[in-house]
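Undergrad: The structure under discussion is supplied below as structure tokens; questions concerning it will follow.
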Amino acid sequence: MGSAWISFTTDYGLDDGFVAACHGVIARIAPRVRVIDVTHAVPAQRIRHGASVLAQTVPYLPESVHLAVVDPGVGTARRGIVVVAERGLLVGPDNGLLVPAAEALGGVVAAYELTAPEYRLPAVSATFHGRDVFAPAAAHLTLGVTPPEFGPPVTEPVRLPEPVVRVRPGELVSEVLVVDRFGNVQLAATGEDLRAAGIEGRAAVEGMDVPVARTFGDVRVGEALLYPDSGGRLAVAINGGSAAAALELSADQEVTITSSPFAS
């Protein structure tokens with residue numbers, strides 16, 4: 001099997017040495033492997049955010065071992081796993097983080113618990129499995145160790161609850177998945193959901209009248225829009241500003257979109 005690439009996604013940030021320590025472990029085990037850092041700015045402990053970012057990114061990466069760590073349950077009974085997808089392998093905590101990305105890579109084929117001591121560091125910290133368990137496992141996978149060698153099969157990897165999307169005539173309710181660094185608000189709903197609700201042209205997002213547009217330049221600076229984003233989801237943005245701040249929105253909130261009284 002093996003791979004020339006590891007992708008790496010965490011909520012570790014870059015203020016400390018956590019990311020570098022994981023890079024170092026990988027380099028000592030598999031010095032020729034190349035690492036793509038997807039992001040280390042997932043909001044702390046926000047599993048759904050990390051899962052969304054990873055799932056939207058992996059289809060554009062080379063076939064890789066995808067190492068992802070957003071792990072508020074580190075050191076508890078939650079399992080560490082390797083997930084086999086149609087077009088890649090994923091390593092991390094069994095808390096729902098990995099499955100959406102596996103589905104984006106063709107679906108979950110199998111999963112195995114990371115229990116074999118020879119594929120982790122000799123001393124395992126209760127609070128840093130990214131360094132001591134997951135990074136070594138990812139590195140060994142790139143060298144050709146097969147997933148079943150890591151431990152027993154996992155028949156049902158943990159899945160996150162489906163995000164809220166409710167559609168009825170003239171109204172769409174959707175959970176916020178991600179707020180990006182620009183303040184753009186990505187929803188779980190899609191353009192198809194908006195059309196199913198019969199909303200077109202203009203919409204009222206939490207009472208704010210906005211056009212249904214294609215891109216930021218379709219509105220003037222400072223104006224809001226509802227648009228299909230690059231991940232295939234509906235998003236709310238303000239050209240040159242922050243929709244999250246203006247509408248006081250954050251991840252996991254529900255947003256109500258209705259037909260605008262000004263729609264043509």
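The values are calculated or read from the model by the stated rules, or taken from the named source; none is laboratory data. Since the model is a prediction, treat every value here as computed from it, not as a measurement. As a convention, Cβ positions derive from the backbone with ideal geometry for all residues, glycine included, and neighbour counts pool all protein chains shown. When the accessible area is computed, the model is the full protein with side chains, heavy atoms only, and any ligands, DNA or RNA have been set aside. Shrake-Rupley method; radii C 1.70, N 1.55, O 1.52, S 1.80 Å.
Undergrad: Test Gly75 against the criterion of being among the small types (Gly, Ala, Ser), modelled with pLDDT under 95 and out of contact with any strand residue (DSSP E or B) (no Cβ under 9 Å at 6 or more places or on another chain), and give yes or no.
TA: Working: among the small types (Gly, Ala, Ser): yes; modelled with pLDDT under 95: yes; out of contact with any strand residue (DSSP E or B) (no Cβ under 9 Å at 6 or more places or on another chain): yes.
Here the answer is yes, as Gly75 does meet what is asked.
Undergrad: Based on this model, can you work out whether Val53 counts as crowded, with 24+ Cβ neighbours inside 10 Å, under 21 Å from the mean Cα position of the chain (by Cα) and over 14 Å from Ser7 (Cα atoms)?
TA: Criteria not met by Val53.
Undergrad: Any idea which residue in segment 217-229 is most open to solvent (accessible area, probe 1.4 Å), counting only those that are in contact (Cβ under 8 Å) with a residue 24 or more places away in the chain and over 18 Å from Glu254 (Cβ atoms)? Let's see the steps before the verdict.
TA: Step one: of segment 217-229, the residues in contact (Cβ under 8 Å) with a residue 24 or more places away in the chain are 226, 228-229.
Narrowing further to those that are over 18 Å from Glu254 (Cβ atoms): 228-229.
Details: Pro228: 75, Asp229: 31 Å².
Result: Pro228.
Undergrad: From the list Gly92, Gly106, which residue is under 26 Å from Val176 (Cα atoms) and touching a Lys or Arg at 6+ places or on another chain (Cβ under 6 Å)?
TA: Details: Gly92 fails: touching a Lys or Arg at 6+ places or on another chain (Cβ under 6 Å).
Within the list Gly92, Gly106, the selection yields Gly106.
Undergrad: List the pairs whose first member sits in segment 9-28 and is modelled with pLDDT of 95 or more, whose second member is of a type in the set (S, T, N, Q), and whose Cβ atoms are under 8 Å apart, counting only residues at least 6 apart or on separate chains?
TA: Between residues of segment 9-28 that are modelled with pLDDT of 95 or more and residues that are of a type in the set (S, T, N, Q), the close pairs are Thr9/Thr39; Thr9/Thr57; Thr10/Thr39; Asp11/Gln45; Phe18/Thr10; Val19/Thr10; Cys22/Thr10.
Undergrad: Just to check your reading of the model, which residue among Gly183, Gly240 is at positive phi, out of contact with any Ser or Thr (no Cβ under 6 Å at 6 or more places or on another chain) and surrounded by fewer than 20 Cβ atoms within 10 Å (Cβ to Cβ)?
TA: Details: Gly183 fails: out of contact with any Ser or Thr (no Cβ under 6 Å at 6 or more places or on another chain).
That would be Gly240, the only listed residue that is at positive phi, out of contact with any Ser or Thr (no Cβ under 6 Å at 6 or more places or on another chain) and surrounded by fewer than 20 Cβ atoms within 10 Å (Cβ to Cβ).
Undergrad: To continue, here is another question. Could you say which residue among Glu192, Glu200, Glu156 is in contact with a strand residue (DSSP E or B) (Cβ under 8 Å, 6 or more places away or on another chain) and either over 30 Å from Cys22 (Cα atoms) or assigned to a loop (DSSP other than H, G, I, E, B) (or both)? If you could, list the steps in order and put the result at the bottom.
TA: Numbers: Glu192 fails: in contact with a strand residue (DSSP E or B) (Cβ under 8 Å, 6 or more places away or on another chain); Glu156 fails: in contact with a strand residue (DSSP E or B) (Cβ under 8 Å, 6 or more places away or on another chain).
None of the other options fit; the residue is Glu200.
Undergrad: Criterion first (more than 23 Å from Leu97 (Cα to Cα), of a type in the set (Lys, Arg), open to solvent by 20 Å² or more (accessible area, probe 1.4 Å) and not in a strand (DSSP E or B)) does Arg214 satisfy it? Give the derivation first.
TA: On the way: more than 23 Å from Leu97 (Cα to Cα): yes; of a type in the set (Lys, Arg): yes; open to solvent by 20 Å² or more (accessible area, probe 1.4 Å): yes; not in a strand (DSSP E or B): yes.
Taking the combined requirement at face value, the residue satisfies it.
Undergrad: Restricting to segment 40-50, name every residue that is surrounded by fewer than 24 Cβ atoms within 10 Å (Cβ to Cβ) and either part of a loop (DSSP other than H, G, I, E, B) or polar (S, T, N, Q) (or both).
TA: Within segment 40-50, His40, Ala41, Pro43, Ala44, Gln45, Arg46 meet the criteria.
Undergrad: Right, here's the next one. Identify, please: which residue in segment 1-31 is in a strand (DSSP E or B) and more than 19 Å from Val74 (Cβ to Cβ) and is, among those, most open to solvent (accessible area, probe 1.4 Å)? Even if it seems obvious, please write down each step before you answer.
TA: At the first step, the residues of segment 1-31 found to be in a strand (DSSP E or B) are 5-10.
Remaining after also requiring more than 19 Å from Val74 (Cβ to Cβ): 5-7.
On the way: Trp5: 64, Ile6: 0, Ser7: 0 Å².
My answer is Trp5.
Undergrad: Which of the following residues is modelled with pLDDT of 95 or more, at negative phi and either of a type in the set (D, E, K, R) or surrounded by 14 or more Cβ atoms within 10 Å (Cβ to Cβ) (or both): Glu200, Glu192? First the steps, then the outcome.
TA: Numbers: Glu200 fails: modelled with pLDDT of 95 or more.
Unique residue meeting the criteria: Glu192.
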